[in-house]
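Rule-based calculations on the coordinates, nothing more; no lab input. In this text, all values refer to a predicted model and were calculated from it rather than measured experimentally. Cβ atoms come from the backbone with ideal geometry, glycine included; neighbour counts cover every protein chain shown.
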Amino acid sequence: MADTQTIAGPRKCAALSFPTLLAVLVAAEFASAMNASTIYNALAKLYAIYGDPARVSWLITIYALSSAGSAVLISRLGDLYGRARMLKLMLVALIVGSLISASATNLDVIIFGRAIQGLSMAILPLGFGLLREYASDARELNFGVGILGGIYAFSTGIAFLISGVVIDHLGWQHIFTVAAIAALLSLILVLRFLPDGDRKPGAGRLDFVGALFILPVCALLLTFNVAKTHGWLSMPTIALLVFGVVTLFAWAIYELAHDEPLVDLRLLRNPTIAIVNAAIFFMAVGPLAYPQVIMPLLQQPTWTGIGMGISATFAAVLKLPTNLSSGIAGIGTGLFARRFSLRPAIVCAALANFIAFAALALVHNSLAFVVVVCVLLVSPAVTILFACAPGLIIQASPPERTSEVTGLSSVLRSLAQAIGAQLAAITLASSAVSNAQGTHFPDTDAYVLTFAMIAFMSLLSFACTVMIPKGASRGAAAR
């Protein structure tokens, strides 16, 4: 058992009780969840309006890229200049980005607003840091971390339900208005109860270049969109491809040579860390994109031959059981891992995802079947892998580098999610069906191809989990 003093720092303000801090952080986390998840419920509307899944997907992709670049950078700034200060700035960014997306009429401007909103994904790691600052002992800290981590899935479910009602009765862009209101209320609570904390500018150098990996990745992802319009041998396509490859290679060399890199790629020299992160990467590219596929499928008109024609509100209601099964899976896996080990749980989770999406590729016209597969297989499996993988990674890393190695995993996950959003968009845009009014939706072949792509990524993730060294899982379970 670790010493209490090494786990939790002293309280910075005696007037701020730990329950009050936890309530404030839960409010901030809900605003972040509202901002992150509700866009999935609006995809069917967006496909009808713009008719281009590849372009619409940038509402998801740019958010994931922004969050990947900001999470580690903002967390580090919080370490240096005060986590409470950075939390307030992130809530302000969330409000500004949401208002831009809510008021804009041009899709590109809405995407720009989403890029600003993506900064808010740093709220959760900042919250964990604040819990460590104010917790009086290890037990209180563990309780706070469990509450803050567990509430996120519940917050996502409530956010889906609220967004469904808003989309059906007020219009899809008002989901950003609601997100702005939630962030504003949270900011008021933070300003009222949470002091700024101490500045520690001498705590080390800050590697701003480390966060610039989003530029070459963004260029590589844009290559697919440009190639669709201009062709693969056109100058714009070749220029983007060359720029992305060269700058990504230069960034990797810089980070490997840096004494205090923001993204420490050298950690991947450890086989366990590399293999587990590979499993996370393929899982995030594939199964983590399931709301981007399932939510439009549920709401797409029945005349398309594959859509089920339900409302956004009803789709959100059907989504709630997946949040419940995720919570049960997380708790059950934690109990299993304490008695046995993490590795079997991760292997089974990856296999379950492969079975689920292979089944969806074969049977996709039944509402009951789709919902049951998502509730019983997809959502619990994704939760299990992302809940257990950090334990194996932490066990394989030196104690003093825990934050670095988990930060690297967070970056790879967000990066993979951005890539997965584009891959799903490309497969959904591969073929379409339209009505007399010229409204376009993905057809049956497009959805089958998307399910097959996700199943293939699940298979790659399963292959990685099988290669995880068996000895590592026992140590991680003991921790």
Task: Extension gain (nm, one decimal) between T302 and N435, 0.36 nm per residue minus Cα-Cα - done: 46.7 nm
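Among 376-382, 91-97, 360-366, 443-449, how do they line up by average Cβ neighbours within 10 Å per residue, starting with the highest?
Averaged packing, sorted descending, gives the order 376-382, 91-97, 443-449, 360-366.
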- [ ] Could you work out how far helix 402-428 tilts from the main Cα principal axis of the chain, as a 0 to 90 degree angle to the nearest 10?
- [x] 0
Open item on the list: Given points 7 Å out from each Cα along the Cα-Cβ axis, report the I328 to V96 separation in nanometres with one decimal.
Closed with: 4.4
Open item on the list: When only alpha-carbon atoms are used, what values of Rg and Dmax, in angstrom, describe region 223-282?
Closed with: 15.9, 42
Task: Gain on full stretching of the segment that runs from L320 to T444 - 0.36 nm per residue minus C-alpha separation - done: 42.1 nm
Task: Value at 222 nm in deg cm²/dmol, rounded to 500, when DSSP H runs of n ≥ 4 in the chain each add -39,500 (n - 2.57) - done: -24500 deg cm²/dmol
Open item on the list: Charges at C-beta only: +1 for Lys and Arg, -1 for Asp and Glu. How large is the resulting dipole of the chain about its Cα centre, in Debye rounded to 20?
Closed with: 680
Task: Cα long-axis angle, helix 444-466 against the chain (0 to 90 degrees, to the nearest 10) - done: 30
Task: Nitroxide proxy distance, nm - points 7 Å out along Cα→Cβ at V363 and F18 - done: 4.8
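Which FRET efficiency value, to the nearest 0.05, is calculated for I147 and Y254 with the Förster distance at 45 angstrom and r the Cβ-Cβ distance?
Result of the calculation: an efficiency of 0.70.
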Open item on the list: Can you give me the distance in nm between label points at Y50 and S136, each placed 7 Å from the Cα along the Cα-to-Cβ direction?
Closed with: 5.1
TODO: Find which of L267, F441, P469 sits farthest along the positive direction of the dipole of region 259-479, computed with +1 on the beta-carbon of Lys and Arg, -1 on that of Asp and Glu, about the Cα centre.
DONE: P469
TODO: Select one label from [x] 85, 48, 46; [y] 68, 49, 48; [z] 82, 71, 47: the one whose number is Cα extents along the principal axes in Å as derived from the coordinates shown.
DONE: [y]
TODO: Let me know the charge dipole size of region 50-126 about its Cα centre in debye, to the nearest 20, where only the beta-carbon of Lys, Arg (+1) and Asp, Glu (-1) is charged.
DONE: 260
Open item on the list: Can you tell me the length gained on complete extension of the stretch F112 to W232, counting 0.36 nm per residue apart and subtracting the Cα distance?
Closed with: 40.6 nm
